[in-house]
């Protein structure tokens, strides 16, 4: 959830000072941008499919109740069980109940932002169930007791040397800092966990209403392992992840991987329907689907409705000039980047993003990159507006801007005050700008320069020119 | 804890407050998916050569290894070639009824200890565990293919009786055998088959999983260095049989 012991400013400053992080972020985001561009350049239908996908998301929300009913009916018809979680706490309790009832001791997880969102791992540990993240990146950060820094590349902030150290500590032996070797070690370690685990926990990239199918997209194959080997499978999904039909599903599949990693499809798209069937060797004895609200439902008619279209591809992170500088951790919540600010507001309320809502230059690159064309800047402005209306902006800042607005709309007053300002600014002007102000204004100028008030105002100079012209 | 009615009730309350952002419709679904799928298959049969070429290009692009043989009887030689080069000793295969052909004898005679999965009705838990251990210990898994997708170089595999999910997952080498029947051109066409497979009661052999496999298992989670075979197979081979698998 959050790492709010330090304010956003400090987290961002810390990130900006981390040279390796800066380098890793530049390399990763630049690579993802290139791969995404190539994928769409080679795919002439891309734009039409993005429009199609956007339509499907909106149309699905317009009949969300019907699609969810159908999904629930189908899951139950197939022998699965559906649970309803209003909050993160509800979701944790539901999953812990399942773990307790089935006597689970070891849980394997495939990468899932929804389970990050509800802080599931900690809850499982407290209940005596060992959760093991099986996506390689997630496994690394779990060993390091950290949080994902990118939606689809959770460990991009780690060097191979750091990963080798982590593995060496965990396995109590020497480990070479070679990605191939490190991957081989993780394969062996995690293979045994897959075979031993009682509980498989996943998110859902999509859930198909007309068939009751949960769809998982992975490159490593861990989504397949987790849904095939343990005796119980629990899938956790936000209510907005439902898609009406298989025909709709393939539209999303055609754009998801291209947006995320530039692949035409990820290595594995896994469609699972209920528990193991008669005659099947593998698959879980029990299948549970947890439908999660956690702030989503009130946005159906809220200002963040459009954020419910999000596919969690990460494309908006890579193109965001702010994300590219500060990385995922500085945002302080589960979901980083431009869409992350909106999702954080959805989960924790607008007040939680009073600083984050400004961590954007509103350049629009995110909306451009989004496969379903979510207008992220529009909603960021809404959030900023909401925060001003709720007066969460610092008091002095509000006073200054209100005064400033009054001055600018009253020319007579402005003409009167400008010479006074010129006098007052004198001690602070350095090279034509104000770089540091005293008292609480100092916070504002710490990262900003103000232009100095000119020695003669425009209207004064205009008056002079007119006088000269007349001469 | 919230029940279904309360949960959906709250969603309806919110839905009533808005008509949405813009008028929108979902993707048009075929009304008789099975019929459409049959028609599509007949159309595809006329241009399978082009589709195969395109499949090969895309399959190789995603890191697959492509092979082509004349008849089903030639398949064991290809599998044995792959196995010997990689010092693979034990193989598992889908049940012959699911593959369309029985290669057990030829593979075993060629030095590859081969076990086929049972056709149906897995016995007591002990037997299940034993089979699972066998798959987990195998070096090579042989499967059929339900769809081979030219647009993406993907293999679509339906799980079920005689077709365990992990045949294409646990062994480090996956060999998938297919013929022209499986070829489709696009993801859109995959959508038609996905609709058809869920139209009405499923066949008795059908299982609960469908996998779309696009190349080997891969990760780039450590410094973006591409590595194969992290959890699933590090190699995927596709063997095309000109003469077909069931004839």
Inter-part distance where the range A:284-327 and the range A:58-102 are each reduced to a Cα centre, Å = 17
message = With angles folded into 0 to 90 degrees, how steeply does helix B:187-197 sit against the dominant principal axis of chain B? Use alpha carbons for both and round to 10.
response = 90
Segments A:339-347, B:168-176, A:220-228 sorted - mean Cβ within 10 Å per residue, highest first = A:220-228, A:339-347, B:168-176
Global geometry of the range A:395-470, whether rounded, prolate or oblate, following the gyration tensor of its Cα atoms and the 1.5 cut on a/c = oblate
ask   = Going by alpha carbons, how many degrees (0 to 90, nearest 10) lie between the helix axis of B:33-46 and the longest principal axis of chain B?
value = 50
The range A:1-128 shape via C-alpha gyration tensor axes, a/c threshold 1.5 = oblate
note = Sorted on mean Cβ neighbours within 10 Å (highest first), peptides A:173-185, A:407-419 come out as A:173-185, A:407-419
Average beta carbon contacts from partner chains per residue of A:59-67, 10 Å cutoff = 5
note = Over chain A, the sum of -39500 (n - 2.57) across DSSP H runs of at least four, divided by residue number and rounded to 500 deg cm²/dmol, gives at 222 nm -15500 deg cm²/dmol
ask   = What FRET efficiency do you get for residue B:127 and residue A:30 if R0 is 51 Å and r is their Cβ-Cβ distance, rounded to the nearest 0.05?
value = 0.45
query = Expressed as a fraction of 2.2 N^0.38 Å, the rule-of-thumb size for a compact globular protein of N residues, what is the C-alpha radius of gyration of the range B:31-241?
reply = 1.01
note = Expressed as a whole number, the average count of other chain Cβ atoms within 10 Å around the Cβ atoms of B:58-66 is 1
key: Value of [θ]222 nm, deg cm²/dmol, for chain B, DSSP H segments ≥ 4, -39500 (n - 2.57) each, nearest 500   = -10500 deg cm²/dmol
request  = Starting from the Cα of residue B:224, step 7 Å toward the Cβ, then list every residue of the range A:7-27 with an amide N under 20 Å from that point.
outcome  = A:15-27
request  = When a/c is below 1.5 the answer is rounded, else prolate if a/b is larger than b/c, else oblate, so apply that to the range A:45-294 with a ≥ b ≥ c taken from the square roots of the Cα gyration tensor eigenvalues.
outcome  = oblate
ask   = Which Rg and Dmax, in Å, describe the Cα atoms of the protein assembly as shown?
value = 28.8, 112
ask   = What's the long-distance tail for the range B:48-165, i.e. % of Cα pairs beyond 25 Å?
value = 28
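Fewest first, what order do A:370, A:363 take by the number of other Cβ atoms within 10 Å? If you can, show how the numbers build up before the last one.
Details: A:370 24, A:363 14.
The order, fewest Cβ neighbours first, is A:363, A:370.
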task = Place the peptides A:64-72, A:423-431 in order of packing, highest mean first, counting for every residue the other Cβ atoms within 10 Å and averaging per peptide.
result = A:64-72, A:423-431
task = Could you check the simple spin-label distance between residue A:77 and residue B:25, using points 7 Å along Cα→Cβ, in nm with one decimal?
result = 2.4
key: Residues residue A:102 and residue A:14, FRET efficiency given R0 of 41 Å [Cβ-Cβ distance, rounded to 0.05]   = 0.45
inquiry  = As an exercise, find the ratio Rg/Rh for the range A:342-407 from alpha-carbon atoms, using the Kirkwood inverse-distance average for Rh.
reply    = 1.05
message = Report the gain in length on full extension from residue A:407 to residue A:420: 0.36 nm times residue separation, minus Cα-Cα distance, nm rounded to one decimal.
response = 3.4 nm
message = Output the 0 to 90 degree angle, nearest 10, between the alpha-carbon long axis of helix A:19-41 and the longest principal axis computed from the alpha carbons of chain A.
response = 70
ask   = Other chains near A:241-253: what is the mean number of their Cβ atoms within 10 Å of each residue's Cβ?
value = 6
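Since every read-out is calculated from the coordinates, none of them should be taken as a lab result. Model, not experiment: these values are computed from the prediction. Positions of Cβ are generated from backbone atoms using ideal geometry, with glycine treated the same way; all protein chains shown enter the neighbour counts.
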